[in-house]
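Heads up, the thing below is written out as structure tokens.
The values are calculated or read from the model by the stated rules, or taken from the named source; none is laboratory data. Model, not experiment: these values are computed from the prediction. Backbone-built Cβ (ideal geometry, glycine too); neighbour counts: all protein chains shown. We work out accessible area using only protein heavy atoms, side chains counted, and drop any ligands, DNA or RNA first. Shrake-Rupley method; radii C 1.70, N 1.55, O 1.52, S 1.80 Å.
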Amino acid sequence: MKRVSNSTHIPAVCPDVNQAYGIWLKSFEWTYFLTLRRHFQITETASRKYACNLLRHSKQIQQVWYALERDSYDNMTHLHIILSSKQLKLDRKTAVKALGLQRNPKTLSYFSEVMDKESVAFYCTKYIRRGIIHYDLLTQSDLG
């Protein structure tokens with residue numbers, strides 16, 4: 001099976017990568033959707049760190065998908081995150097703390113419960129191969 005990302009969790013996909021990822025991601029029980037915007041570019045390393053911070057915050061967070069995307073209007077980046085948790089209830093303030101953003105809570109520019117997992121899955125994969133710099137799925141077992 002050919003891998004297209006550095007993650008062992010992400011399956012091989014066919015030519016229409018973003019659609020295939022959207023179909024795959026909608027199979028998860030996502031509970032929260034977040035977008036981070038910094039006043040500087042978010043790097044691949046930082047995006048992984050934010051995802052790991054969420055997983056470390058609570059063992060009830062089962063998996064985190066993140067996609068680091070270029071802004072369409074300048075040279076900046078933003079990060080989309082969707083996460084799946086068992087019974088953990090998050091609010092914006094707790095999410096900011098879990099991400100490690102207490103010093104600049106406005107960095108979390110969007111926070112919402114997932115109402116439609118298909119829409120969120122396709123939104124977070126819309127620019128794979130055309131603007132997403134880095135993406136991955138992390139689980140509790142990745143914290144090792």
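A few points about this structure:
- Pair list, Cβ < 7 Å and 6+ apart or interchain, from segment 55-72 residues that are closer than 23 Å to GLY22 by Cβ to residues that are assigned to a loop (DSSP other than H, G, I, E, B) and open to solvent by less than 70 Å² (accessible area, probe 1.4 Å): ILE61/LEU88; GLN63/PHE28; LEU68/ILE42; GLU69/GLY131; ARG70/GLY131
- Some residue of segment 90-111 being of a type in the set (D, E, K, R) and under 23 Å from ILE23 (Cα atoms): no
- Those residues of segment 23-43 which are outside any loop (DSSP other than H, G, I, E, B) and either under 14 Å from LEU108 (Cα atoms) or in contact with a His (Cβ under 8 Å, 6 or more places away or on another chain) (or both), in sequence order: TYR32, PHE33, LEU34, THR35, LEU36, ARG37
- Across segment 106-128, the qualifying residues are those that are open to solvent by 70 Å² or more (accessible area, probe 1.4 Å) and modelled with pLDDT under 90, and the one among them that is nearest to HIS80 (Cα to Cα) is TYR123.
- Taking each residue of segment 102-130 that is touching a residue at least 60 places away in the same chain (Cβ under 8 Å) and looking for partners that are open to solvent by 50 Å² or more (accessible area, probe 1.4 Å) and assigned to a helix (DSSP H, G or I) with beta-carbon atoms closer than 7 Å, six or more apart or interchain, yields LEU108/ARG92; PHE111/ARG92.
- Odd one out for TRP65, checked against (1) surrounded by 13 or more Cβ atoms within 10 Å (Cβ to Cβ); (2) at pLDDT below 95: (2)
- Here LEU143 clears all of (1) surrounded by 15 or more Cβ atoms within 10 Å (Cβ to Cβ); (2) in contact with a helix residue (DSSP H, G or I) (Cβ under 9 Å, 6 or more places away or on another chain); (3) hydrophobic (A, V, I, L, M, F, W, C) except the condition numbered (1).
- Selection of first residues in segment 14-39 that are in contact (Cβ under 8 Å) with a residue 12 or more places away in the chain and of second residues that are in a helix (DSSP H, G or I) and aromatic (Phe, Trp, Tyr), restricted to Cβ pairs under 7 Å at least 6 apart or on distinct chains, gives the following pairs, ordered by first then second residue: GLY22/PHE122; LEU36/TYR50.
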